[in-house]
1. Tell me, C24, C77 in order of fewest to most beta-carbon neighbours within 10 Å?
2. Please list, or write none, the lysines whose alpha carbon is within less than 27 Å of the alpha carbon of K154, excluding same-chain residues fewer than 8 places away.
3. Two decimals, Cα atoms only, Kirkwood Rh: what is Rg/Rh over the chain?
4. Please list 3J(HN,Hα) in residue order for the stretch 91-99, calculated via the Karplus relation 6.51 cos²θ - 1.76 cosθ + 1.60 where θ = phi - 60°; whole Hz, with x for glycine and proline.
5. For I52, enumerate residues with amide H under 5 Å from its amide H, sequence gap 5+ or separate chain, H modeled in the peptide plane.
6. In a Gaussian network model over the chain where Cα atoms closer than 10 Å are linked, find which of G58, G150, G129 has the largest mean-square fluctuation.
7. Can you work out the Karplus-derived ³J(HN,Hα) for every residue in the stretch 101-114? Use 6.51 cos²θ - 1.76 cosθ + 1.60 with θ = phi - 60°, whole Hz, and x for glycine or proline.
8. Determine the dipole magnitude for the chain: charges of +1 sit on the beta-carbon of Lys and Arg, -1 on that of Asp and Glu, nothing else is charged, the reference point is the Cα centre, and the result goes in debye to the nearest 20.
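Each reported figure results from applying straightforward, stated rules to the coordinates on display, with no laboratory input. These figures come from a predicted structure and were not determined experimentally. Note that we place each Cβ from the backbone using ideal geometry, even for glycine, and neighbour counts take in every protein chain shown.
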Amino acid sequence: MYKPIILDNILPKSVNEDIIKHLCDMSWFIATEGEERFKRIYNKQHSGFGRITYQENGEIIKTPLNLYAEIIFKIICDRLETKGKINRIFWNLYTPNNIGNIHTDSNDEKFRTILYNLDTTDGYTEVDGVKYMDKMGQAKVYNSNIPHRGVGPKKHPVRFNLNILYY
């Protein structure tokens, strides 16, 4: 069983709250689901909402969120004593009953994923079948080819996460 690297206290509460304020001003899209999208939306169990703000060799949204993501990325790289290059910056928004499909972020073994929690909720990230609860300011770092999914909260109204794909 694969266990992600857990890093706490990446950013202070006030900065996480500032990021959430910016996220509240964004347009969101229902996360990709494949063929079951229509059925799951009407059952109120879709995979939540997402927004890519940076894609290497692709679309870049002009937003301060990318700077926050780069700072989070650099802090994590410093703590792990490594270097890397961001491939994608992806923001997640989950509401109660949202359950993500189990997926990988990349099949390429050189890619890693950073899942950063912007708030503490009763939602969680499942990595290789193990649940990791949300904790504000915590990052989970794992190989991008490891199966994982996000699960929305039950008691809290919303769950925000940052997903950074890098190599």
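1. Fewest to most other Cβ atoms nearby, the residues stand as C24, C77.
2. List returned: K3, K13, K21, K39, K44, K131, K135, K140.
3. Taking Rg over the Kirkwood Rh, I get 0.93.
4. Each residue of the stretch 91-99 in turn: 10, 10, 10, 10, 10, x, 6, 6, 9 Hz.
5. W91
6. With Cα springs under 10 Å in the chain, the top fluctuation among G58, G150, G129 is at G58.
7. 6, 5, 8, 10, 7, 7, 8, 6, 5, 7, 8, 10, 10, 10
8. With only Lys, Arg, Asp and Glu charged at Cβ, the dipole is about 240 debye.
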